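This report refers to the structure that appears directly beneath it.
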Amino acid sequence: MSSNGSFAVHLQSLVEFAAELTTQLTGIDRPNGHLESLTEREIRLGAFNEAGSLWENHFLAVAEMRNLVGRAREAIDFAEKITGTVMNAYEQHDDQITSSLSGLGSTVQSVDFRRA
């Protein structure tokens, strides 16, 4: 933050950050798909008494991991949307300023300072 309370935003950094978030979203779907495959069918762990509780613990652990991966995906998705919104707002602001300055430049060029 500057001394006058404003922020400086490096637009290219925002663009790169948004791209990284998109990459993270793509990457987080892979482990979630793998976790689903771990519970598609019951794993036979043996014919001993604890085998049933081991399968249950395995199933619960996978369900918890899916939940955590899902929450991480939601957080990354939210961050991507916010970053995109901020990036778009700054791009529009930059375009408006560029347009205004271009108009000012043509106005200044049309003034003949030799006659003034």
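Every number here is computed from the coordinates shown, using simple stated rules; none is lab data. All values derive from a computational prediction rather than experimental measurement. Reconstructed Cβ throughout: ideal geometry from the backbone, glycine too, with neighbour counts over all protein chains shown.
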Study note, to complete from the structure: To the nearest 0.05, the calculated FRET efficiency linking R66 and T22 through their beta-carbon distance, R0 being 25 Å, is 0.70
Check your understanding: Residue by residue through the stretch 45-55, which ³J(HN,Hα) values in whole Hz follow from phi under the Karplus form 6.51 cos²θ - 1.76 cosθ + 1.60 (θ = phi - 60°), with glycine and proline marked x?
Key -> 9, x, 10, 10, 4, 7, 4, x, 6, 5, 4
Point to revise | Nearest-ten-degree value, helix 11-37 long axis tilted from longest Cα axis of the chain | key: 10 degrees
Review point. Per-residue HN-Hα couplings for the stretch 64-72, Karplus 6.51 cos²θ - 1.76 cosθ + 1.60 at θ = phi - 60°, whole Hz, x for Gly and Pro?
Key: 5, 5, 4, 4, 5, 5, x, 5, 5
Study note, to complete from the structure: Going residue by residue through the stretch 90-101, the Karplus relation 6.51 cos²θ - 1.76 cosθ + 1.60 with θ = phi - 60° gives ³J(HN,Hα) values, rounded to whole Hz and with x marking Gly or Pro, of 5, 4, 5, 5, 4, 4, 5, 5, 4, 5, 5, 5
Practice item. Read through the labelled values (i) 68; (ii) 131; (iii) 162 and report the label of the one computed as volume of the Cα convex hull per residue in Å³ from the structure. Key: (ii)
Exercise for review: Go ahead and estimate [θ] at 222 nm for the chain from helices alone: -39,500 (n - 2.57) per DSSP H run with n ≥ 4, summed, over the residue count, rounded to 500.
Suggested key: -28000 deg cm²/dmol
Point to revise | Footprinting exposure proxy for F78, F17 (fewest neighbouring C-beta atoms within 10 Å first) | key: F78, F17
Check your understanding: Under a point-charge model restricted to the Cβ atoms of Lys and Arg (+1) and Asp and Glu (-1), what is the dipole moment magnitude of the chain relative to its Cα centre, in debye to the nearest 20?
Key -> 360 debye
Practice item. Would you be so kind as to identify which of T39, G27, M87 lies farthest towards the positive end of the dipole of the stretch 11-100, taking Lys and Arg as +1 and Asp and Glu as -1 on Cβ and the Cα centre as origin? Key: T39
Point to revise | Positive-end residue, the chain charge dipole about Cα centroid, Cβ charges, pick of L60, F17, G103 | key: G103
